[in-house]
Structures are given as structure tokens and as C-alpha cells.
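Heads up: the structure comes next, in C-alpha cells.
Only the coordinates and a few stated rules stand behind these numbers; no lab work does. Every value quoted in this text rests on a predicted model; they were computed, and no experiment measured them. Backbone-built Cβ (ideal geometry, glycine too); neighbour counts: all protein chains shown.
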Amino acid sequence: MAKLHFFYSTMNAGKSTSLLQSNHNYLETNLETMIFLPKEIEATSNGKIVSRIGLEAEAIIFDGEFNFLTYVNNNKTPKLSCILVDESQFLTKVQVQQLGEIADDMNFPVMCYGIRTDFRGELFEGSSALLGSADNLIELKTICSTCARKATMVVRLDSKGNVVTEGSKIKIGGNDIYKVVCRKHFRKLTQLI
């Protein structure tokens, strides 16, 4: 039976690189995949999943109304072997349930890659649903930008490099806006926990 996998971490841990490597492994054995990317990321990546080390692949764009069950059922091929979802924190709870059904009923492994918590230390909807229902939880690790401990949190920075603790849950950006830290430094920098 196929499984629903959740690969999670902070930023800069290689989630997209890992997804692209998994995709490459399927393609190398003459199998097909479906790769999905949320609409929130589409503009900054031109509809592709892009890793910091230069790997990339075209993706199917989804939004909060997208139905994974319908899409996969209507577009599957005999060689389809895996479903890959990048930035899975943007999934809705219903979409995570749909991905679980794809694994359970269509027997396609579903591999989701995403961030666990936002800049306030709060779970994203998609991450929360995946943590609750995925068959496998795999933490991809990186190190704190302030010390050598494992990074588990992310802080948001303003244009002057000051830590921000209020604002919209979603703000797309990279190292210019976010910094990965351990819990100890998250507490010191944000005083949120």
C-alpha cells in the first residue's frame, strides 16, 4: 500500500532539492510523476520548483480550491508512479485528506515537502494536517544561523534586518526576509514562546 509522506523542516534545509532528486529517480527508471506547487510561489519561480543549487522542474500549480483527487484521476497515465508536492504548508486540510485518499485508494505514494511553522512559531494549516495524518514524518535538518544547534524555527526580518513578530502569516521570500534559528534563539529574538 502506498503512503503519504511529509518531509518537513525550516527554510534552507534542502526540501526542494530532495523533492527534485526523488523526481529524478523516478524519471531515470522511465516512470512518471506529477509535481505540484502552490499558487503563492508561482510568480517567484515562474511555475517551476527551483532549488538553491540550480535544479528545477516544471510544476502543476494549485490553489486552495484545487481538487487533487479529481486532477490525478483525470490525468493519470499507466506510468504514473508518484505524486510530489512542494511548499505543502500551503495545502488546506481538505487537500491533505485528498492526498491521503490518493495514497490509500489509487496506490500512488504522495511525498509532501514543507515548512512546519511560520515566523511566529505557529503551525501552517497544511503542515498541521500532514503532521496529524501522514504515514511517515521525516525531518530534514539544517543548522541555526546564530549557533551550531539544529534549526527548528524561522524568524522574519524587516528591510533593516530587525526581527518582526506581527504581520501576515504568508510572506514569500528568502534569506533577505527570513533567518533559520534554533528554539533558544527564536525565544530570545521574538519573545513569543
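At-a-glance table
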item	result
Lys/Arg +1, Asp/Glu -1 at C-beta; region 4-139 dipole; positive extreme among 13, 128, 81	13
Kirkwood-based Rg to Rh ratio, region 1-72, C-alpha trace	0.95
Lys/Arg +1, Asp/Glu -1 at C-beta; the chain dipole; positive extreme among 103, 29, 43	43
In region 4-139, lysine pairs with alpha-carbon atoms under 21 angstrom apart (chain gap of 8 or more, or interchain)	6
Lysine pair count for region 99-192 [Cα-Cα under 19 Å; pairs on different chains or 8 or more apart]	12
Region 4-139 - Rg over Rh from alpha carbon coordinates, Kirkwood radius	0.93
Separation of alpha-carbon centers, region 71-111 and region 129-169, rounded to whole Å	25 Å
Value of [θ]222 nm, deg cm²/dmol, for the chain, DSSP H segments ≥ 4, -39500 (n - 2.57) each, nearest 500	-8000 deg cm²/dmol
Given charges at beta-carbon only (K, R positive; D, E negative), |dipole| of region 4-139 in Debye	200 debye
